[in-house]
Amino acid sequence: QVQLVESGGGLVQLGGSLRLFCAASGRRFSIYTMGWYRQAPGKERELVASISSRGDINYADSVQGRATISRDNAKNTLDLQMNSLEPEDTAVYYCNLKQVAIPPRNYWGQGTQVTVSS
């Protein structure tokens, strides 16, 4: 089975930085698009950043210039570096693996809480 485990969340001061980590198992990590999503209470889950199997990267407008996504296929890990954190960045952050199939399937980790003090 697919397992995604996030870590690295916590309480961060306004304007600070943190790095989130995701460890994947159960799939051939290198061939899938991976991403980070976040969800604040009462809001929809939204894309933060994604990275394809060949390294193509997309960022949400809300984090453009402040976030950097990276992957290490040899270690089956996915990272998200976040800088200049704002209170609006407070959310549960989820690691995502997208399996392109018919129908397509998404796999999620348990989430890690990020709280930015104001």
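The values are calculated or read from the model by the stated rules, or taken from the named source; none is laboratory data. From a predicted model like this one, the values you see are computed outputs, not experimental measurements. Cβ sites come from the backbone with ideal geometry, for glycine too, and all protein chains shown count toward neighbours. Keep in mind that these areas ignore ligands, DNA and RNA; they rest on the heavy atoms of the full protein, side chains included. Shrake-Rupley method; radii C 1.70, N 1.55, O 1.52, S 1.80 Å.
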Identify, please: which residue in the stretch 1-29 is part of a loop (DSSP other than H, G, I, E, B) and among the polar types (S, T, N, Q) and is, among those, farthest from Ala91 (Cα to Cα)?
Gln1
Consider the stretch 1-40. How many of its residues are modelled with pLDDT under 95, open to solvent by 70 Å² or more (accessible area, probe 1.4 Å) and either aliphatic (A, V, I, L, M) or within 25 Å of Arg66 (Cβ to Cβ) (or both)?
1
Only listed residue being touching a residue at least 40 places away in the same chain (Cβ under 8 Å) and under 10 Å from the mean Cα position of the chain (by Cα), chosen from Gly16, Gly10, Gly35:
Gly35
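If you take just the strands (runs of 3 or more DSSP E) that sit entirely in the stretch 64-118, which of them hold at least 2 residues that are free of Cβ contacts under 8 Å to residues at least 24 places away in the same chain? Can you show your working first?
Details: elements: 67-72, 77-82, 91-99, 105-108, 112-116.
The strands (runs of 3 or more DSSP E) meeting that bar are 67-72, 105-108.
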